Amino acid sequence: MASDVSSERERMVLKELARARDHIPDDELVSCVRELVLVRLCITPYKEVTLQIQFPPGYPASPVVVILKSKALPQSLVAKLKNLCEAEAAAHVAMCQVVPVYDKLKGFMVQNLLIAAWDELVALRSDGGDGEETLSKKIKLYEAQGKVKLVLAQGKYKLTAELTIDNQYPASPVELEITRSNFTPQYEAMFAAHAKELARLAVSGPLQRLSTTKTRSSYAGSTFAERGGRRILGKTRRLLADLEAAEAAASTPEPSKTVEPRRSLLEVAQYLMSSVANYPTQPCQCCEEPVFPADPTELGKVTSKALQVERVYCGHFYHYGCLDVFLNSPPFNSDGKPCPACGKRIFHRKWSNDAKELESGWAHKQARHREIGEVIDFLGEDAVGETYEGAPPPWLAGALARAGLVVPGDVAAAATAAAAPPPSSAAGKRKRKKKKKATARMAQDDMSAFL
Ligand SMILES: [Zn+2]
Ligand SMILES: [Zn+2]
(Lines give C-alpha, C1' and ligand atoms only; values in the text may rest on other atoms or scores of the structure.)
(Ligands and ions follow the chains in the order given, each with its own letter.)
Protein backbone atom coordinates (compact mmCIF):
# COMPACT_ATOMS: atom_id res chain seq x y z
CA MET A 1 0.00 0.00 0.00
CA ALA A 2 2.76 2.43 1.03
CA SER A 3 4.71 1.64 -2.12
CA ASP A 4 1.56 2.25 -4.18
CA VAL A 5 1.30 5.74 -2.68
CA SER A 6 4.99 6.52 -3.21
CA SER A 7 4.96 5.22 -6.77
CA GLU A 8 1.81 7.28 -7.47
CA ARG A 9 3.58 10.34 -6.02
CA GLU A 10 6.69 9.60 -8.11
CA ARG A 11 4.61 9.18 -11.25
CA MET A 12 2.76 12.48 -10.67
CA VAL A 13 5.96 14.42 -9.87
CA LEU A 14 7.58 13.21 -13.10
CA LYS A 15 4.43 14.09 -15.01
CA GLU A 16 4.43 17.59 -13.44
CA LEU A 17 8.10 18.11 -14.35
CA ALA A 18 7.56 16.97 -17.93
CA ARG A 19 4.56 19.27 -18.35
CA ALA A 20 6.41 22.18 -16.75
CA ARG A 21 9.38 21.75 -19.14
CA ASP A 22 6.97 21.56 -22.02
CA HIS A 23 4.86 24.58 -20.99
CA ILE A 24 7.16 27.09 -19.28
CA PRO A 25 9.57 29.05 -21.52
CA ASP A 26 13.25 28.11 -21.04
CA ASP A 27 14.26 31.64 -20.06
CA GLU A 28 11.80 31.52 -17.16
CA LEU A 29 12.38 27.98 -15.96
CA VAL A 30 15.44 28.15 -13.71
CA SER A 31 15.19 24.68 -12.20
CA CYS A 32 12.89 21.70 -12.76
CA VAL A 33 13.81 18.69 -10.61
CA ARG A 34 12.04 16.34 -8.18
CA GLU A 35 12.85 18.57 -5.20
CA LEU A 36 11.52 21.80 -6.67
CA VAL A 37 10.38 23.74 -9.70
CA LEU A 38 11.88 27.25 -9.79
CA VAL A 39 10.50 29.88 -12.16
CA ARG A 40 11.65 33.48 -12.52
CA LEU A 41 9.07 35.82 -14.00
CA CYS A 42 10.45 39.18 -15.09
CA ILE A 43 7.88 41.18 -17.02
CA THR A 44 9.91 44.36 -16.38
CA PRO A 45 12.55 45.09 -13.71
CA TYR A 46 9.66 46.57 -11.71
CA LYS A 47 7.39 43.54 -12.18
CA GLU A 48 9.56 40.62 -11.17
CA VAL A 49 8.86 37.57 -8.98
CA THR A 50 10.42 34.18 -8.30
CA LEU A 51 8.05 31.21 -7.92
CA GLN A 52 9.28 28.13 -6.11
CA ILE A 53 7.10 25.01 -6.00
CA GLN A 54 7.83 21.95 -3.85
CA PHE A 55 6.04 18.62 -3.63
CA PRO A 56 5.13 17.82 0.01
CA PRO A 57 4.97 14.22 1.33
CA GLY A 58 1.17 14.16 1.01
CA TYR A 59 1.29 15.22 -2.67
CA PRO A 60 -0.74 14.85 -4.93
CA ALA A 61 -3.59 14.44 -2.39
CA SER A 62 -2.44 17.69 -0.77
CA PRO A 63 -1.52 20.89 -2.65
CA VAL A 64 2.04 21.80 -3.63
CA VAL A 65 4.02 24.19 -1.41
CA VAL A 66 4.33 27.67 -2.96
CA ILE A 67 7.13 30.09 -2.04
CA LEU A 68 7.17 33.53 -3.68
CA LYS A 69 9.98 36.06 -3.52
CA SER A 70 10.39 39.48 -5.13
CA LYS A 71 12.81 42.35 -4.74
CA ALA A 72 10.64 44.69 -6.80
CA LEU A 73 7.13 44.09 -5.49
CA PRO A 74 5.89 45.21 -2.07
CA GLN A 75 5.52 42.41 0.48
CA SER A 76 1.76 42.96 0.83
CA LEU A 77 1.35 42.22 -2.87
CA VAL A 78 3.68 39.19 -2.72
CA ALA A 79 1.51 37.79 0.10
CA LYS A 80 -1.61 38.36 -2.00
CA LEU A 81 -0.03 36.62 -4.99
CA LYS A 82 0.97 33.69 -2.77
CA ASN A 83 -2.66 33.28 -1.66
CA LEU A 84 -3.71 33.36 -5.30
CA CYS A 85 -1.22 30.59 -6.18
CA GLU A 86 -2.17 28.46 -3.17
CA ALA A 87 -5.86 28.69 -4.03
CA GLU A 88 -5.06 27.57 -7.57
CA ALA A 89 -3.00 24.62 -6.27
CA ALA A 90 -5.81 23.60 -3.89
CA ALA A 91 -8.28 23.68 -6.77
CA HIS A 92 -6.11 21.14 -8.64
CA VAL A 93 -5.46 18.64 -5.85
CA ALA A 94 -4.91 15.11 -7.21
CA MET A 95 -4.12 16.63 -10.60
CA CYS A 96 -1.12 18.43 -12.10
CA GLN A 97 -0.71 21.70 -10.16
CA VAL A 98 2.55 23.30 -11.33
CA VAL A 99 1.37 24.53 -14.72
CA PRO A 100 -1.99 25.89 -13.43
CA VAL A 101 -0.17 27.76 -10.62
CA TYR A 102 2.38 29.16 -13.10
CA ASP A 103 -0.38 30.20 -15.53
CA LYS A 104 -2.36 31.90 -12.77
CA LEU A 105 0.64 33.86 -11.52
CA LYS A 106 1.90 34.87 -14.95
CA GLY A 107 -1.59 35.82 -16.11
CA PHE A 108 -1.97 38.11 -13.11
CA MET A 109 1.49 39.62 -13.58
CA VAL A 110 0.99 40.33 -17.28
CA GLN A 111 -2.65 41.38 -17.28
CA ASN A 112 -2.70 43.49 -14.14
CA LEU A 113 -1.02 46.69 -15.27
CA LEU A 114 -1.42 48.30 -11.86
CA ILE A 115 0.99 45.90 -10.13
CA ALA A 116 3.95 48.28 -10.39
CA ALA A 117 1.92 50.97 -8.61
CA TRP A 118 0.54 48.64 -5.94
CA ASP A 119 1.96 50.35 -2.86
CA GLU A 120 1.04 53.74 -4.29
CA LEU A 121 -2.56 52.60 -4.67
CA VAL A 122 -2.62 51.29 -1.10
CA ALA A 123 -1.35 54.69 0.09
CA LEU A 124 -3.82 56.52 -2.16
CA ARG A 125 -6.79 54.67 -0.66
CA SER A 126 -5.76 55.54 2.88
CA ASP A 127 -4.49 59.05 2.13
CA GLY A 128 -6.34 61.80 3.99
CA GLY A 129 -4.07 64.53 2.64
CA ASP A 130 -3.47 68.05 3.80
CA GLY A 131 -6.58 70.23 4.00
CA GLU A 132 -8.61 67.49 2.37
CA GLU A 133 -10.97 66.67 5.24
CA THR A 134 -13.93 67.96 3.25
CA LEU A 135 -12.84 66.46 -0.07
CA SER A 136 -15.02 63.65 -1.36
CA LYS A 137 -12.83 61.04 -3.05
CA LYS A 138 -13.79 57.89 -4.95
CA ILE A 139 -11.18 55.61 -6.46
CA LYS A 140 -11.94 52.97 -9.06
CA LEU A 141 -9.29 50.61 -10.40
CA TYR A 142 -9.23 49.07 -13.88
CA GLU A 143 -6.34 46.61 -13.55
CA ALA A 144 -6.39 45.27 -17.12
CA GLN A 145 -6.26 48.80 -18.54
CA GLY A 146 -3.76 50.09 -15.99
CA LYS A 147 -6.26 52.80 -15.16
CA VAL A 148 -7.11 54.55 -11.90
CA LYS A 149 -10.25 56.65 -11.96
CA LEU A 150 -10.40 59.46 -9.40
CA VAL A 151 -13.75 61.10 -8.75
CA LEU A 152 -13.16 64.19 -6.61
CA ALA A 153 -15.55 66.78 -5.22
CA GLN A 154 -15.13 69.77 -2.93
CA GLY A 155 -18.47 71.46 -2.30
CA LYS A 156 -20.02 72.00 -5.71
CA TYR A 157 -16.65 71.76 -7.46
CA LYS A 158 -16.12 68.40 -9.15
CA LEU A 159 -13.33 66.80 -11.11
CA THR A 160 -12.97 63.31 -12.55
CA ALA A 161 -9.58 62.22 -13.81
CA GLU A 162 -8.11 59.02 -15.20
CA LEU A 163 -4.50 58.14 -14.46
CA THR A 164 -3.10 55.42 -16.71
CA ILE A 165 0.14 53.45 -16.56
CA ASP A 166 1.44 50.83 -18.97
CA ASN A 167 3.54 47.69 -18.52
CA GLN A 168 6.77 49.73 -18.57
CA TYR A 169 5.79 51.93 -15.60
CA PRO A 170 7.64 53.58 -13.86
CA ALA A 171 10.06 53.76 -16.81
CA SER A 172 7.17 55.24 -18.80
CA PRO A 173 5.24 58.15 -17.27
CA VAL A 174 1.75 58.27 -15.80
CA GLU A 175 -0.76 59.58 -18.35
CA LEU A 176 -3.47 61.90 -17.09
CA GLU A 177 -6.81 62.77 -18.59
CA ILE A 178 -9.37 65.02 -16.93
CA THR A 179 -12.60 63.49 -18.19
CA ARG A 180 -15.11 65.69 -16.34
CA SER A 181 -14.85 68.87 -14.35
CA ASN A 182 -16.70 72.09 -13.61
CA PHE A 183 -13.54 74.11 -13.07
CA THR A 184 -12.90 76.61 -15.86
CA PRO A 185 -11.00 75.29 -18.92
CA GLN A 186 -8.01 77.39 -17.80
CA TYR A 187 -7.86 75.62 -14.44
CA GLU A 188 -8.35 72.23 -16.06
CA ALA A 189 -5.48 73.05 -18.41
CA MET A 190 -3.32 74.16 -15.49
CA PHE A 191 -4.04 71.00 -13.47
CA ALA A 192 -3.30 68.82 -16.50
CA ALA A 193 -0.10 70.67 -17.38
CA HIS A 194 1.26 70.56 -13.84
CA ALA A 195 0.36 66.89 -13.39
CA LYS A 196 2.01 66.06 -16.71
CA GLU A 197 5.15 67.88 -15.64
CA LEU A 198 5.24 65.95 -12.34
CA ALA A 199 4.95 62.69 -14.29
CA ARG A 200 7.63 63.75 -16.77
CA LEU A 201 10.04 64.84 -14.03
CA ALA A 202 9.71 61.43 -12.37
CA VAL A 203 10.84 59.71 -15.57
CA SER A 204 13.24 62.17 -17.22
CA GLY A 205 14.38 64.52 -14.48
CA PRO A 206 14.79 68.27 -14.93
CA LEU A 207 15.64 69.63 -18.36
CA GLN A 208 19.31 70.57 -18.75
CA ARG A 209 20.82 73.17 -21.01
CA LEU A 210 24.21 72.38 -22.46
CA SER A 211 26.97 74.91 -21.80
CA THR A 212 28.07 76.83 -24.90
CA THR A 213 30.78 79.01 -23.34
CA LYS A 214 33.74 76.70 -23.79
CA THR A 215 33.28 75.99 -27.49
CA ARG A 216 32.79 79.62 -28.37
CA SER A 217 35.83 80.95 -26.50
CA SER A 218 38.19 78.31 -27.88
CA TYR A 219 36.98 79.02 -31.41
CA ALA A 220 37.49 82.76 -30.90
CA GLY A 221 40.96 82.18 -29.47
CA SER A 222 42.32 80.09 -32.32
CA THR A 223 40.76 81.89 -35.27
CA PHE A 224 39.59 85.39 -34.49
CA ALA A 225 42.45 86.61 -32.29
CA GLU A 226 45.29 84.86 -34.14
CA ARG A 227 44.45 85.67 -37.74
CA GLY A 228 43.18 89.25 -37.57
CA GLY A 229 42.54 91.31 -40.71
CA ARG A 230 39.34 92.70 -42.11
CA ARG A 231 38.55 89.96 -44.57
CA ILE A 232 39.14 87.32 -41.99
CA LEU A 233 37.27 89.36 -39.41
CA GLY A 234 34.16 89.41 -41.59
CA LYS A 235 34.49 85.72 -42.36
CA THR A 236 35.08 84.91 -38.72
CA ARG A 237 32.04 86.87 -37.70
CA ARG A 238 29.94 84.88 -40.13
CA LEU A 239 31.49 81.67 -38.88
CA LEU A 240 30.90 82.71 -35.30
CA ALA A 241 27.29 83.53 -36.12
CA ASP A 242 26.90 80.11 -37.76
CA LEU A 243 28.58 78.46 -34.82
CA GLU A 244 26.33 80.27 -32.37
CA ALA A 245 23.26 79.23 -34.32
CA ALA A 246 24.47 75.62 -34.35
CA GLU A 247 25.23 75.77 -30.64
CA ALA A 248 21.85 77.30 -29.90
CA ALA A 249 20.21 74.43 -31.77
CA ALA A 250 22.37 71.89 -29.96
CA SER A 251 21.70 73.46 -26.58
CA THR A 252 17.94 72.96 -26.77
CA PRO A 253 17.01 71.62 -23.34
CA GLU A 254 17.12 67.87 -23.23
CA PRO A 255 16.28 65.42 -20.45
CA SER A 256 19.20 64.36 -18.31
CA LYS A 257 19.99 60.74 -19.04
CA THR A 258 21.13 59.60 -15.63
CA VAL A 259 17.77 59.77 -13.84
CA GLU A 260 16.45 56.56 -12.32
CA PRO A 261 12.68 56.48 -13.08
CA ARG A 262 10.57 57.20 -10.04
CA ARG A 263 6.96 56.18 -9.41
CA SER A 264 4.71 59.21 -9.68
CA LEU A 265 1.13 57.94 -9.79
CA LEU A 266 0.57 58.78 -6.12
CA GLU A 267 2.27 62.17 -6.49
CA VAL A 268 0.09 63.09 -9.48
CA ALA A 269 -3.07 61.88 -7.72
CA GLN A 270 -2.18 63.79 -4.55
CA TYR A 271 -1.55 66.95 -6.56
CA LEU A 272 -5.02 66.68 -8.12
CA MET A 273 -6.64 65.90 -4.77
CA SER A 274 -5.05 68.85 -3.01
CA SER A 275 -5.86 71.16 -5.94
CA VAL A 276 -9.54 70.19 -5.96
CA ALA A 277 -9.64 70.34 -2.15
CA ASN A 278 -7.96 73.70 -1.77
CA TYR A 279 -8.62 75.84 -4.84
CA PRO A 280 -12.35 76.43 -4.29
CA THR A 281 -11.77 77.66 -0.72
CA GLN A 282 -8.80 79.96 -1.36
CA PRO A 283 -9.19 83.44 0.16
CA CYS A 284 -7.83 86.66 -1.30
CA GLN A 285 -4.77 87.49 0.83
CA CYS A 286 -5.74 91.18 0.94
CA CYS A 287 -9.47 91.26 1.65
CA GLU A 288 -9.74 87.64 2.91
CA GLU A 289 -12.91 87.04 0.89
CA PRO A 290 -12.96 83.77 -1.13
CA VAL A 291 -11.64 84.35 -4.64
CA PHE A 292 -13.83 81.62 -6.14
CA PRO A 293 -17.64 81.60 -5.88
CA ALA A 294 -19.26 78.77 -3.91
CA ASP A 295 -21.16 77.91 -7.06
CA PRO A 296 -18.82 77.07 -9.95
CA THR A 297 -21.47 78.08 -12.50
CA GLU A 298 -20.75 81.68 -11.41
CA LEU A 299 -17.10 81.30 -12.45
CA GLY A 300 -17.46 82.52 -15.99
CA LYS A 301 -19.88 85.33 -15.21
CA VAL A 302 -17.52 87.86 -13.62
CA THR A 303 -17.06 90.95 -15.70
CA SER A 304 -15.28 93.20 -13.18
CA LYS A 305 -11.53 93.22 -13.68
CA ALA A 306 -11.01 94.04 -9.99
CA LEU A 307 -12.57 90.71 -9.03
CA GLN A 308 -10.59 88.60 -11.44
CA VAL A 309 -8.48 85.94 -9.75
CA GLU A 310 -4.70 86.29 -9.75
CA ARG A 311 -2.37 83.58 -8.49
CA VAL A 312 1.13 84.75 -7.65
CA TYR A 313 4.47 82.93 -7.64
CA CYS A 314 4.10 81.51 -4.11
CA GLY A 315 0.74 79.97 -5.05
CA HIS A 316 -1.52 82.30 -3.06
CA PHE A 317 -4.55 83.97 -4.57
CA TYR A 318 -5.64 87.60 -4.85
CA HIS A 319 -8.34 89.64 -6.47
CA TYR A 320 -6.80 91.63 -9.28
CA GLY A 321 -7.99 94.90 -7.72
CA CYS A 322 -6.69 94.04 -4.25
CA LEU A 323 -3.28 92.96 -5.54
CA ASP A 324 -3.00 96.02 -7.75
CA VAL A 325 -3.53 98.38 -4.81
CA PHE A 326 -1.30 96.30 -2.52
CA LEU A 327 1.64 96.28 -4.95
CA ASN A 328 1.24 99.92 -5.97
CA SER A 329 1.11 101.37 -2.47
CA PRO A 330 4.03 102.16 -0.13
CA PRO A 331 6.25 101.08 1.46
CA PHE A 332 8.37 100.12 -1.56
CA ASN A 333 11.72 98.47 -1.04
CA SER A 334 14.21 96.67 -3.24
CA ASP A 335 13.23 93.26 -1.82
CA GLY A 336 9.73 93.64 -3.22
CA LYS A 337 6.52 93.00 -1.30
CA PRO A 338 6.12 89.85 0.76
CA CYS A 339 2.95 87.78 0.44
CA PRO A 340 0.93 88.41 3.64
CA ALA A 341 0.20 84.68 3.90
CA CYS A 342 3.64 83.12 3.46
CA GLY A 343 6.15 85.98 3.39
CA LYS A 344 7.58 84.98 -0.01
CA ARG A 345 8.25 87.81 -2.42
CA ILE A 346 5.35 88.44 -4.79
CA PHE A 347 6.16 87.99 -8.46
CA HIS A 348 3.63 88.52 -11.20
CA ARG A 349 4.27 89.42 -14.80
CA LYS A 350 1.50 92.04 -14.72
CA TRP A 351 3.24 94.12 -12.06
CA SER A 352 6.70 95.65 -11.94
CA ASN A 353 9.23 94.45 -9.38
CA ASP A 354 11.22 97.66 -9.63
CA ALA A 355 10.82 99.58 -6.35
CA LYS A 356 11.90 102.89 -7.91
CA GLU A 357 9.43 102.54 -10.72
CA LEU A 358 6.64 101.69 -8.29
CA GLU A 359 7.57 104.58 -6.02
CA SER A 360 7.62 107.14 -8.81
CA GLY A 361 4.31 105.77 -10.02
CA TRP A 362 2.89 106.24 -6.55
CA ALA A 363 4.33 109.76 -6.23
CA HIS A 364 2.97 110.65 -9.64
CA LYS A 365 -0.46 109.48 -8.63
CA GLN A 366 -0.32 111.35 -5.35
CA ALA A 367 0.81 114.54 -7.03
CA ARG A 368 -2.04 114.47 -9.47
CA HIS A 369 -4.55 113.29 -6.84
CA ARG A 370 -5.72 110.60 -9.09
CA GLU A 371 -8.18 108.05 -8.01
CA ILE A 372 -7.32 104.44 -8.49
CA GLY A 373 -9.51 103.69 -11.43
CA GLU A 374 -9.43 99.90 -11.29
CA VAL A 375 -10.79 99.64 -7.76
CA ILE A 376 -13.49 102.28 -7.93
CA ASP A 377 -16.24 99.82 -8.74
CA PHE A 378 -14.83 97.48 -6.13
CA LEU A 379 -14.57 99.84 -3.15
CA GLY A 380 -17.00 102.56 -4.08
CA GLU A 381 -15.98 106.03 -5.08
CA ASP A 382 -16.22 107.41 -1.54
CA ALA A 383 -13.71 104.90 -0.13
CA VAL A 384 -11.03 105.67 -2.68
CA GLY A 385 -11.36 109.39 -2.13
CA GLU A 386 -11.62 109.56 1.62
CA THR A 387 -9.41 106.83 3.07
CA TYR A 388 -6.84 105.72 0.56
CA GLU A 389 -4.94 108.96 0.12
CA GLY A 390 -3.99 109.10 3.80
CA ALA A 391 -3.96 105.80 5.62
CA PRO A 392 -4.59 102.55 3.75
CA PRO A 393 -8.20 101.37 3.80
CA PRO A 394 -8.94 98.88 6.62
CA TRP A 395 -8.94 95.82 4.36
CA LEU A 396 -5.57 96.72 2.88
CA ALA A 397 -4.09 97.75 6.24
CA GLY A 398 -4.85 94.23 7.44
CA ALA A 399 -2.92 92.76 4.52
CA LEU A 400 -0.05 95.22 5.04
CA ALA A 401 0.11 94.34 8.74
CA ARG A 402 0.11 90.60 8.00
CA ALA A 403 2.88 91.14 5.45
CA GLY A 404 4.85 93.01 8.13
CA LEU A 405 4.55 96.29 6.22
CA VAL A 406 3.52 99.65 7.63
CA VAL A 407 3.18 102.83 5.59
CA PRO A 408 5.88 105.30 6.77
CA GLY A 409 4.41 108.22 8.66
CA ASP A 410 1.09 106.47 8.96
CA VAL A 411 2.01 103.92 11.58
CA ALA A 412 -0.68 104.93 14.00
CA ALA A 413 -3.26 105.46 11.30
CA ALA A 414 -2.52 102.08 9.74
CA ALA A 415 -2.62 100.31 13.08
CA THR A 416 -5.87 102.01 13.99
CA ALA A 417 -7.31 101.24 10.60
CA ALA A 418 -6.25 97.60 10.82
CA ALA A 419 -7.84 97.23 14.23
CA ALA A 420 -10.86 99.43 13.52
CA PRO A 421 -14.28 97.83 13.35
CA PRO A 422 -16.04 98.09 9.99
CA PRO A 423 -17.39 101.57 9.27
CA SER A 424 -20.87 102.03 10.64
CA SER A 425 -21.84 105.13 8.70
CA ALA A 426 -24.42 104.96 5.96
CA ALA A 427 -21.60 105.41 3.45
CA GLY A 428 -19.72 102.50 5.04
CA LYS A 429 -22.76 100.26 4.89
CA ARG A 430 -23.33 101.18 1.30
CA LYS A 431 -19.69 100.49 0.60
CA ARG A 432 -19.76 97.05 2.22
CA LYS A 433 -22.98 96.18 0.47
CA LYS A 434 -21.43 97.18 -2.81
CA LYS A 435 -18.31 95.16 -2.07
CA LYS A 436 -20.32 92.10 -1.06
CA LYS A 437 -22.35 92.34 -4.21
CA ALA A 438 -19.20 92.68 -6.24
CA THR A 439 -17.56 89.72 -4.51
CA ALA A 440 -20.47 87.53 -5.51
CA ARG A 441 -19.43 87.95 -9.11
CA MET A 442 -16.22 86.13 -9.91
CA ALA A 443 -13.70 86.04 -12.67
CA GLN A 444 -11.71 83.62 -14.69
CA ASP A 445 -8.07 83.63 -13.82
CA ASP A 446 -5.33 84.66 -16.16
CA MET A 447 -3.57 81.31 -16.39
CA SER A 448 -0.76 82.35 -18.67
CA ALA A 449 1.04 83.83 -15.67
CA PHE A 450 1.83 80.49 -14.16
CA LEU A 451 1.34 77.87 -16.84
ZN1 LIG B 1 -9.49 90.66 -2.40
ZN1 LIG C 1 2.13 83.40 -0.50
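The values are calculated or read from the model by the stated rules, or taken from the named source; none is laboratory data. The structure presented is a predicted model; accordingly, all values stated were derived computationally and were not measured. All Cβ positions, glycine included, derive from the backbone under ideal geometry; neighbour counts span all protein chains shown. Areas reflect the complete protein model, heavy atoms only, side chains present, ligands, DNA and RNA absent. Shrake-Rupley method; radii C 1.70, N 1.55, O 1.52, S 1.80 Å.
What to note about this one:
- Under the simplified labelling scheme, the C342-K301 pair shows an inter-label distance of 3.2 nm, with each label point 7 Å from Cα along Cα→Cβ.
- With each label modelled as a point 7 angstrom along the Cα→C-beta vector, the A363-V259 pair spans 4.8 nm.
- Rounded to the nearest 10 Å², the accessible area of I165 at probe 1.4 Å: 0
- The residues neighbouring L38, those whose beta-carbon lies less than 11 Å from its own, together hold a net charge of 0 under the Lys/Arg +1, Asp/Glu -1 convention.
- Inter-centroid distance (Cα atoms) of region 151-208 relative to region 272-304, Å: 21
- Cα-Cα over 32 Å, subset of K104/K158; K158/K365; K104/K149: K104/K158; K158/K365
- Candidates per GluC sites (Glu not before Pro) in region 125-178, loop by DSSP, up to 16 other Cβ within 10 Å: E133
- Surface accessible to a 1.4 Å probe, T164 within the full protein complex, Å²: 40
- Residues E86, E16, ordered by accessible area of protein heavy atoms at a 1.4 angstrom probe radius and largest first, appear as E86, E16.
- Region 122-187: trypsin sites (Lys or Arg not before Pro) in DSSP coil with no more than 16 other Cβ atoms inside 10 Å: K156
- Links that overshoot a 26 Å alpha carbon limit, given the list K138/K196; K301/K344; K137/K337; K137/K350: K301/K344; K137/K337; K137/K350
- The accessible-area ordering, largest first, of the residues S329, S204 stands as S204, S329, per a 1.4 angstrom probe.
- Cα centroid of region 76-114 to Cα centroid of region 1-32, whole Å: 18
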